[in-house]
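First comes the structure, then the notes that go with it.
The values are calculated or read from the model by the stated rules, or taken from the named source; none is laboratory data. On a predicted model such as this, the values are computed, not experimentally measured, just so you know. Every residue, glycine as well, gets a Cβ built from its backbone with ideal geometry; the counts of neighbours run over all protein chains shown.
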Amino acid sequence: MKKIIPLLLLLSINITAQQNRFQLVEQHKIPDIPSSLYQQSNDLNNYDIHFYHLDLKATNTNTQLSGNVIIEATAVNKLTTFTCELMDYMTVSSIKINNQDATFTHSNNIIIAQCNKEYKPNENIKVQIFYSGNVVGEGYSYGTQLGISASWTLSESIHARDWFPCKQILTDKADSVFIDVTVPNNLTVASNGILKNIVNVNGNTKKYCWETKYPINYYLISMAISEYSQYNIYAEPQSISPEKILIQNFIFSNSGYLNQNKELIDKTKNLVEFFSEKIGIYPFYKEKYGNAMAYFGGGMEHQTMTTLANFGFSLNAHELAHQWFGNYVTCGSWQDIWINEGFASYCEYIALQHFYDQQTADGWMDSAHNYAKEKPNGSVYIPFEELTSENRIFDYQLSYKKGAVIIHTLRGLINNDDLFFEAIRNYLNTYKNNTAIGDDFFTSIGDFTSLDLTNFKNDWYYGKGFPTYEVIWKQEDNKLSITINQTTSSTSKPFFTQPIQIKLNYSDNSKTVVFEPTSTSTTLIFDTSTKINSIEIDPNNYILKGKTAITTDIISELNSETRIIHSPKKNSFELITTDKYLNNNFSINDIKGNIIKRFTIYDKHSEIDISNLKQGLYIISTKNRIIGKIVKL
Ligand SMILES: [Zn+2]
C-alpha cells in the first residue's frame with residue numbers, strides 16, 4: 001500500500017501495506033505468533049484456512065455491516081474449539097459448525113466456538129458466523145466528495161478483523177474467497193476476482209457476487225462500494241497471446257474523472273504488459289486486474305482489485321507491482337514488509353526508466369536517497385523491539401524508500417541487468433502463492449547468481465544507516481592509487497563492505513573499476529599509464545551514501561619541464577621545475593584572469609603557500625605560459 005507523500009516531478013501519489021507473524025529465521029526472527037502489535041491466540045495455528053465466503057449487506061454512506069461469513073479449514077491439530085478473530089464492537093448472533101448450532105464466546109476480539117465433536121488433524125471443518133455492527137476501526141471507512149459517497153475496506157496490516165471474522169496470520173493464505181455484497185440498486189461493489197453474478201434482491205437492492213480462486217492473504221480481501229462507472233480495458237502481454245487480461249476500473253460515475261484521466265488510466269494496460277515482460281506474467285491473469293476509486297490518500301493493492309485515490313503514474317505502477325510483490329509473494333512476517341513495499345517502490349523506478357527516461361528515474365532515486373537519509377539510524381528490516389506500531393512497519397523512509405534503494409544497490413552489485421531480472425523472476429516463481437521473508441529472498445538471489453549476499457544483507461537489510469566516503473586519489477609513475485576512507489551514520493554499523501564502482505575518466509574515454517573496501521580505510525593501487533583526468537564514485541548512484549569528498553594529488557604536466565603537485569585541501573602546492581625556471585616570476589590567476597598572487601622560485605623543488613587563497617580553481621603561469629591548475633577546497 002502507499003500513503004500519500006508528494007513526489008517530485010510529474011509523479012503524483014504513493015502508499016504502503018503491512019501485517020503480523022514471526023518465524024524463526026537465524027537470529028533475526030522471533031518464533032510463533034506473539035507480536036508487539038497485538039497478542040494473537042496460539043489456537044489460530046490449529047487449523048489451515050482454505051476458504052472464506054463473505055455474504056454481507058452494506059452501503060456507501062456508513063460502515064454498518066450485517067451478514068455471515070463461512071470459513072472452511074482443515075484441522076492441523078485436534079480441534080475441540082474453533083478460534084478466529086473479530087473485533088468486539090461487532091456483534092455475533094450465532095455460529096454454526098458443520099451446519100449445527102454451536103455455543104461460543106466473543107471477547108478480547110477473539111471468537112471461540114465449541115465444536116460439536118473433536119476434529120482430528122486433516123479433518124475439514126466448516127464454520128458459519130452470523131454477525132452485524134458498525135465498524136469503528138480503520139478496516140472499513142466511508143467518505144463523500146462532489147456528492148458521491150463511497151465506502152471501502154483497507155485491512156492491512158491487522159484490520160481484516162475489524163470487519164469480518166478471520167485468521168490474521170500471514171503465512172496461511174486462503175485458497176479461494178467468495179465475496180457477496182448486497183447494496184442499494186444505485187451502487188456497485190468492486191472486489192477480488194471475477195464478478196460472477198449480480199442478483200436482484202427484493203427489488204431495491206442488488207447482490208454482487210465476486211469469486212477469486214487464487215490463494216489470497218486475509219488482508220488482501222476487500223470491497224469498495226460507490227456509484228461507479230465501469231471502464232474496462234485489456235492488456236495483451238505477448239507471453240500469453242492471444243489471451244488478454246481484463247483491466248476492470250471502477251471510476252466515480254459523475255465526477256468527470258474518467259474523461260479527464262483516461263490517458264493515465266489507459267497506462268495501466270502498458271504497465272501490466274511491461275511488468276509481465278520484465279518480472280513474469282501478471283500472476284492473476286486468469287481473473288483480472290482492477291482498480292476501484294476511494295477517498296483516501298494513496299492506494300492499497302487488494303488482490304486483483306486495487307483501491308486507490310487516483311491514477312497517478314507512480315501510484316498506479318506501485319499498486320500494480322504489489323500484485324507480484326506482496327500478493328503473489330507476500331511477506332511472511334511484518335518485520336519483512338520490505339518483501340512488499342521495497343519492491344513495489346522499486347518498481348516505480350523501473351517503470352520510470354522504461355516509460356519516461358533515465359533522467360526522470362534518476363530524479364526518483366535521488367529523492368529516495370534523500371528520504372532514506374532522513375533516518376540515519378534505521379534499518380529496512382523491522383527489528384522485533386521496534387515492531388510496536390504500524391507506523392514503524394510502514395515507515396516511508398525505511399520500508400519504502402531505503403527498501404527500494406537497496407534493491408538498486410543489489411542490481412548494481414549483480415551488475416548484469418538480464419541476470420538481475422532473471423533472478424527476480426526465479427525468486428517470484430519459487431515463492432509464488434506463498435510467503436517469503438528477507439532471508440528467503442537473499443538465499444534465492446544468492447543461489448541463482450552464485451553471489452554470497454551475507455555481507456550485503458547484513459549491511460543493507462539488517463544493518464542500520466549508510467556510509468559516507470572520502471576518496472583520495474593520485475596518479476604517478478604509471479600507478480594510480482585510490483584510498484577510500486569510510487565513516488557511517490550509525491554507530492551500530494561501523495563499516496559497510498559494499499563494493500563501490502569507480503569511474504576513471506581519461507581524456508577521450510572512461511573505464512569503470514570495482515573497489516572492494518576491506519576496512520574503514522582501504523587503498524588500492526592500479527597499474528595505468530594513461531593519464532586520468534578525474535574519477536567518479538558510484539557513477540550510477542547504486543549506493544545510499546553521505547556526500548562524497550573526492551580529492552586528488554593532481555600532477556600537472558603541461559610541459560615536460562614543470563610539474564605541480566597539489567591536494568585541494570592543502571594550503572600549499574609543490575612546483576618542480578628545471579634550472580631554466582629558476583629566478584623566474586610566476587603568477588596565480590583566478591579563472592577570470594585576475595592575478596591573485598605572484599612569486600619567484602629559487603629552487604627546482606619549491607613549496608608555494610596558498611593559505612590566503614579562497615576556495616576555487618586557479619591557473620599557474622609564467623612568462624604568459626600556463627604551466628598548471630590547482631583547485632583549493
Ligand atoms: Zn505499497
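Out of ILE627, ILE596, which single residue is under 18 Å from ILE565 (Cβ atoms) and either out of contact with any Ser or Thr (no Cβ under 6 Å at 6 or more places or on another chain) or not in a loop (DSSP other than H, G, I, E, B) (or both)? Walk me through it before giving the result.
Numbers: ILE596 fails: under 18 Å from ILE565 (Cβ atoms).
Of the residues listed, the single one that is under 18 Å from ILE565 (Cβ atoms) and either out of contact with any Ser or Thr (no Cβ under 6 Å at 6 or more places or on another chain) or not in a loop (DSSP other than H, G, I, E, B) (or both) is ILE627.
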* Output the residues belonging to the stretch 222-242 that are touching a helix residue (DSSP H, G or I) at 6+ places or on another chain (Cβ under 7 Å) and either surrounded by 14 or more Cβ atoms within 10 Å (Cβ to Cβ) or closer than 22 Å to LEU187 by Cβ (or both). => SER229, TYR231, ILE233, ALA235, GLU236, PRO237
* Go through the residues of the stretch 205-221 one by one and say whether even a single one is out of contact with any helix residue (DSSP H, G or I) (no Cβ under 7 Å at 6 or more places or on another chain), surrounded by fewer than 21 Cβ atoms within 10 Å (Cβ to Cβ) and either of a type in the set (S, T, N, Q) or outside the structural domain of SER149 (by TED's automatic domain parsing) (or both). => yes
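Scan the strands (runs of 3 or more DSSP E) fully inside the stretch 298-398 and keep the ones with 3 or more residues being at pLDDT 95 or above. Lay out the reasoning, then the answer.
On the way: elements: 298-300, 306-308, 329-331.
Fully inside the stretch 298-398 and qualifying: 306-308, 329-331.
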* To do: List the number of the failed condition for PHE313; all other conditions in (1) out of contact with any helix residue (DSSP H, G or I) (no Cβ under 6 Å at 6 or more places or on another chain); (2) buried (at least 19 other Cβ atoms within 10 Å of the Cβ); (3) closer than 19 Å to ALA190 by Cα; (4) not hydroxyl-bearing (Ser, Thr, Tyr) hold.
  => (3)
* Of (1) within 16 Å of the ligand (Cβ to nearest atom); (2) of a type in the set (Val, Ile, Thr); (3) at pLDDT 95 or above, ILE13 satisfies all except one. Which? -> (3)
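Using the structure shown, decide if TYR285 is buried (at least 24 other Cβ atoms within 10 Å of the Cβ), more than 14 Å from the ligand (Cβ to nearest atom) and free of Cβ contacts under 8 Å to residues at least 60 places away in the same chain.
Details: buried (at least 24 other Cβ atoms within 10 Å of the Cβ): no; more than 14 Å from the ligand (Cβ to nearest atom): yes; free of Cβ contacts under 8 Å to residues at least 60 places away in the same chain: yes.
When the stated conditions are applied, TYR285 does not pass them.
Mind listing whichever residues of the stretch 599-624 are in a strand (DSSP E or B) and touching a helix residue (DSSP H, G or I) at 6+ places or on another chain (Cβ under 9 Å)?
First pass over the stretch 599-624, keeping only residues in a strand (DSSP E or B): 599-600, 605-609, 616-622.
THR622 - this is the single residue of the stretch 599-624 that is in a strand (DSSP E or B) and touching a helix residue (DSSP H, G or I) at 6+ places or on another chain (Cβ under 9 Å).
Specify the residue that is farthest from the ligand (Cβ to nearest atom); the eligible residues are those in the stretch 313-356 that are acidic (Asp, Glu) and more than 15 Å from PHE274 (Cα to Cα). Write out each step before concluding.
Going residue by residue through the stretch 313-356, those that are acidic (Asp, Glu) are 319, 336, 341, 348.
From what's left, more than 15 Å from PHE274 (Cα to Cα): 336, 341.
Values: ASP336: 14, GLU341: 5 Å.
Restricting to residues being acidic (Asp, Glu) and more than 15 Å from PHE274 (Cα to Cα), the top hit is ASP336.
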* Only one of SER534, SER611, SER519, SER529 is surrounded by fewer than 16 Cβ atoms within 10 Å (Cβ to Cβ) and within 14 Å of ILE472 (Cα to Cα); which? -> SER534
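Let me confirm something: among TYR231, TYR219, TYR208, which residue is assigned to a helix (DSSP H, G or I) and not aliphatic (A, V, I, L, M)? I'd like the intermediate steps shown before the answer.
On the way: TYR231 fails: assigned to a helix (DSSP H, G or I); TYR208 fails: assigned to a helix (DSSP H, G or I).
None of the other options fit; the residue is TYR219.
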* Is it the case that some residue within the stretch 171-188 is touching a Leu at 6+ places or on another chain (Cβ under 7 Å) and closer than 20 Å to PHE394 by Cβ? -> no
* **Residues that are within 18 Å of TRP152 (Cβ to Cβ) and polar (S, T, N, Q), drawn from the stretch 203-221** => THR212, ASN217
* Kindly indicate which of ILE500, ILE445 is closer than 26 Å to TRP364 by Cβ, surrounded by 19 or more Cβ atoms within 10 Å (Cβ to Cβ) and in the same structural domain as ALA423 (by TED's automatic domain parsing). => ILE445
* Structure fact -> Those residues of the stretch 81-102 that are closer than 19 Å to ASP43 by Cα and among the small types (Gly, Ala, Ser) come to a total of 1
* Asked: If ASN391 passes every condition in (1) within 16 Å of the ligand (Cβ to nearest atom); (2) within 21 Å of GLY139 (Cα to Cα); (3) crowded, with 20+ Cβ neighbours inside 10 Å; (4) of a type in the set (S, T, N, Q) but one, which one does it miss?
  -> (3)
* **Odd one out for TYR295 among (1) surrounded by fewer than 22 Cβ atoms within 10 Å (Cβ to Cβ); (2) hydroxyl-bearing (Ser, Thr, Tyr); (3) part of a helix (DSSP H, G or I)** => (3)
* What pairs come up if the first residue lies in the stretch 150-175 and is in a strand (DSSP E or B), the second is acidic (Asp, Glu) and at pLDDT 95 or above, and their beta carbons are under 9 Å apart, counting only those six or more places apart or on different chains? -> ALA150/GLU227; THR153/ASP162; CYS166/GLU85; ALA174/GLU72
* Selection status of LEU428, surrounded by fewer than 22 Cβ atoms within 10 Å (Cβ to Cβ), assigned by TED's automatic domain parsing to the domain that holds CYS347, at pLDDT 95 or above and closer than 22 Å to PRO499 by Cα -> no
* Which one of these does ASN254 not meet: (1) within 24 Å of ASP418 (Cα to Cα); (2) touching an Asp or Glu at 6+ places or on another chain (Cβ under 8 Å)? -> (1)
* Is it the case that CYS115 is modelled with pLDDT of 95 or more and either loosely packed, with under 12 Cβ neighbours inside 10 Å or over 27 Å from CYS209 (Cα atoms) (or both)? -> yes
* Structure fact -> Here the residues within the stretch 243-276 that are touching a Gly at 6+ places or on another chain (Cβ under 9 Å) and either crowded, with 20+ Cβ neighbours inside 10 Å or assigned to a strand (DSSP E or B) (or both) are LEU246, ILE247, GLN248, ASN249, PHE250
